[in-house]
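To start, the structure itself, in structure tokens.
The values are calculated or read from the model by the stated rules, or taken from the named source; none is laboratory data. What you are looking at is a predicted structure, and each value in this text was computed from that prediction instead of being measured. Cβ placement follows ideal geometry from the backbone for every residue including glycine, while neighbour counts extend to all protein chains displayed. Ligands, DNA and RNA are excluded from the accessible area calculation, which covers all protein heavy atoms including side chains. Shrake-Rupley method; radii C 1.70, N 1.55, O 1.52, S 1.80 Å.
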Amino acid sequence: MTKISANALRGASLLALMAPLFPMQAMAQTPSTTAAQEAASLTEIIVTARRRDESLQDVPAVVNAVTSEALQKTNIRNLTEVQTLVPGLTLTTAANGTGGNAQMRGVNFDINASGNNPTVEFYLNDAPITAGVILQQIYDVGQIEVLRGPQGTLRGRASPSGSITIATKKPDLYKEGGYLSSTFNDIGTANVNGAVNIPVIEGIAAIRVAGLYNDDDGTQVRSIDTTQEKRKAYSRSESGRISALVTPVDWLRLEGSYQSLVTNSRTHAQVESFSLANPAAPASPTLIKARDQEGFQATPRTVHQGYDIFNWRSEISLLGQQLIYQGQHYTQDIYSSVTQDSANLFPTAVIAQNTESHIKSTSQEIRLQNEERVFDMFDYVVGYFDNKNNTPTSLNRPTPVALPAFLGRRLQTVVQTPLGRLGHSREKSVYGNVTAHLGDATQISGGLRHIDYQDVGQLFVNGALLSQDIHADKKWVYTASAQHSFSRDFMVYASTGSSYRPGITAVGDFNLQQSALERSFVNLPAETSKSYEGGFKSTLLDRKMRLNISAFHQKFKNYPYRTPGNGVYYINTTALSPLTQQPAQFNFVAAVPVEVNGIEGDLAYDLTPNWNIGAVASYALGKVKDGTIPCTDLNKDGKPDIITSAPTLTQLQAATGANNVSSCKLSQRSSFQPPFSTTVQSEYTQPVGTFDGFVRGLVNFNSKSQGDPNNAFDDVKAYALVNLYAGVRAPDRAWELTFYAKNLFDTVKVLTRSDPLSTSYQELQPPTFRTTAATTVTSTYTEVTTTPPREFGVNLRVALGSR
């Protein structure tokens, strides 16, 4: 399989989807069922949160399950869109393509500043995987589970806020079949994906081939710069996956898959005239509103991402026990070019940071667990986990050198500083979890995990070693829970758990003369946390209604708080000859104490056999408690300044002295998500002739958010987004035609707003023009992110035999 060409696989996958591989009469059809029969009572949701199949209502934790059917019904094409179904979850990807992040339960995470140990772990087919690989176009997915709260005694790696598992569809050993789904919309999207299932030896071996092609206009942002020839944004993804399943004997199961994904994109930073947020700010040459979806920079961001994922698994089941070996190896090849001329001072020149990463990761896990309850009382899981990461990255840091403004500020040269970041880490851990069933109504569960972690990183500037950081830790974490069912329809539970994340080295400060204070905001100690949770799960009205509510409290020590927006200003010494200082910005990270409190709820109700409604809500408020953080503090009052223009080098030198960066001690929010969010869904079905007609609605509400406390202009008012779906389908769901509108009312909200964009450069000084002085020019625009644009589209899905 390792010799398979990625391009050939992707092409073969899509061709296979469109070719009639078997006669129509041989395709086994699923039994016809009417909508009324299906909606007679709440559908039981099965999850694997505790490493075995269980009803969602029996698990003493908050689990949001997003089924394959839910993904289809809401036309979710990219994993980041799952946040529309799971309130309190924010999924984003980095503009430079280097990664992604998930935020949940009141704390932030940014891979660009915080390394590869996230607050929320991702798993693909039971193996850990970085967010950047998985927050892409998705297809042929079986189920997604969002587990909230500390994880680590049952699988993979420890994480303080939760985990997200993605399971792709497995081959069917008995039925041929497949599906083809195509989506087209009014904003330039063409998405085609599907799968074909082939039993090679009925009941013993089968393969499944799936593929995807997606072409869209990316962020929809166009540049107004007249020198920009290629102004249109785009994103193009191609992917293929082949999966195999073999069960040669009843007690042995073997699985394996290979997936290739390639994405190429060109985007522009979306901007808005700063005067729209701050009337005192200078007017822009061209007024740009958030609704315009425009940028002003001449140079777009270009990103190439290539991922190859190998996943394998074996299961041996004997004497009521099960031995599982799970392995995965994936590679990331990422090339990106991002302009460093944020203020667009030199539109005819390309002043970009080019980044190249070739990352490899391998994980292996072996665990033993029971299939039959031990002594009719105990369920257990014990295992060993080993994860290796190798993360070499190289990039350049461009420094423009130009004539003074009175001579036209003409660019004379761009000095390139080559930078290299080498790093490798390894985590080895052993873990175990036992659940005791005390009669039919009560369960007590507890688990431990011992983590042995090592990480080595090296930073090279101009080929010379600038710094080396080593993190080595050994740590225990635990979980415990108790639950009691007062009846088969009402269960209460309480749980507690601890978590650990290794110390990090934030990458991005390439100052050749770092101060001790500056280094403390780059190299951070390990984080620990403790969490407490309680709640109940219930079914009501003859099991036609589900109501689950939980509350939690979590306390962090040494939480890596990343400064938001463009970061804070500091003095950067560059490798110009002689060494030269200039203002720069970086998202430094500080180890701070954090407390989070929250409440979460889930309601589902079948009003009639043809009409259902559901709601999920989340409230989480995290606060930094008297923490020391990096800040821009020009007046030296110990409080972060509200910045409307870049400071001069002289101002920074006066404020920071030999520290290069200022620090402030204060209490503020640890997350900039809306504290409260909720999702409401409803579907009504009705026979239309020989077909079933349906109407679906999806509403996302987000409360007001104050954003960055140090930015007075990025607060967000409460808003709601409404999606509407309507169409017809065959009674046996062999086909479905859906017309949809996402963001039906074209709601445009600015979700984040940076400081005014600026460009720093070295200015040649008269009369000799042989010396330079640091100069910073601030633009009249600020970078923003907004709610998704309105989208009208149509989806046609056809399925035959095994889906």
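Computed about its Cα centre, the charge dipole of the range 222-321 is approximately 340 debye, with only Lys, Arg, Asp and Glu carrying charge at their Cβ. Here the spin labels are modelled as points 7 Å beyond Cα on the Cα-Cβ line, and at residue 688 and residue 722 they lie 2.0 nm apart. Can you compute the modelled spin-label distance between residue 492 and residue 275, with each label point 7 Å from Cα toward Cβ, in nm? Label-label distance for residue 492 and residue 275, simple model: 6.2 nm.
Size descriptors for the range 246-344, from the alpha-carbon set: Rg then Dmax equal 25.6, 76 Å.
How far, in nm, would the chain grow between residue 798 and residue 378 when pulled straight, counting 0.36 nm per residue and subtracting the alpha carbon separation?
Stretched out fully, the residue 798 to residue 378 stretch lengthens by 146.7 nm.
Helical runs assigned H by DSSP (4 residues or longer) give the chain a calculated mean residue ellipticity at 222 nm of -1500 deg cm²/dmol, each run adding -39500 (n - 2.57) before division by the residue total. Within the same chain, aspartates and glutamates fewer than 8 places from residue 474 are excluded, and of the rest, those with a Cα less than 20 Å from its Cα are 121, 365, 386, 427, 452, 455, 527. Model label sites at residue 771 and residue 450, defined 7 Å from Cα along the beta-carbon direction, differ in position by 6.3 nm.
Under 17 Å from a label point set 7 Å out along the Cα-to-Cβ vector of residue 553, the amide N atoms of the range 584-619 belong to 594-600.
Rounded to the nearest 0.05, the FRET efficiency derived from the C-beta distance between residue 621 and residue 314 at R0 = 56 Å is 0.80. Taken about its Cα centre, the chain carries a charge dipole of roughly 1000 debye when the Cβ of each Lys and Arg holds +1 and the Cβ of each Asp and Glu holds -1.
Taking θ as phi - 60° and the Karplus parameters 6.51, -1.76 and 1.60, the scalar couplings of the range 258-272 work out to 9, 10, 10, 9, 10, 10, 10, 8, 9, 9, 10, 5, 6, 10, 9 Hz in sequence order, x denoting glycine and proline.
Using a probe of 1.4 angstrom, how much of the accessible area of the chain is carbon and sulfur, in percent? The C+S portion of the solvent-accessible surface of the chain is 57 percent. The 3J(HN,Hα) values that the Karplus relation (6.51, -1.76, 1.60; θ = phi - 60°) gives for the range 630-642 are, in residue order, x, 7, 9, 9, 6, 8, 6, 9, x, 10, x, 7, 8 Hz. Gly and Pro appear as x.
Normalized C-alpha radius of gyration of the range 467-605, against 2.2 N^0.38 Å?
For the range 467-605, the normalised Cα radius of gyration comes out at 1.61.
Sequence-ordered 3J(HN,Hα) estimates for the range 514-528 from the Karplus curve with 6.51, -1.76 and 1.60 and θ = phi - 60° stand at 6, 8, 5, 5, 4, 5, 5, 9, 10, 9, 10, x, 5, 9, 10 Hz, glycine and proline given as x.
Considered as an equivalent ellipsoid built on the Cα gyration tensor, the range 460-517 has semi-axes of 49, 12, 9 Å, the largest given first. Estimated from the Cβ-Cβ distance and a Förster radius of 51 angstrom, the FRET efficiency linking residue 599 and residue 407 is about 0.25. Taking N as the residue count of the chain, its C-alpha radius of gyration divided by 2.2 N^0.38 Å amounts to 0.97. Under a 5 Å amide H cut-off, with hydrogens placed 1.01 Å from N, residue 671 pairs with 622 among residues at least 5 apart or on other chains.
In this structure, residue 370 and residue 732 have a Cβ-Cβ separation that, at R0 = 35 Å, corresponds to a calculated FRET efficiency of about 0.40. Pairs spanning more than 30 Å between alpha-carbon atoms, out of 530/665; 388/623; 625/717: 388/623. In this structure the amide hydrogen of residue 566, modeled in the peptide plane, comes within under 5 Å of the amide hydrogens of 755, none closer than 5 places in sequence on its chain. For the chain, the relative contact order works out to 12 percent when only alpha carbon pairs closer than 8 Å and six or more residues apart are counted.
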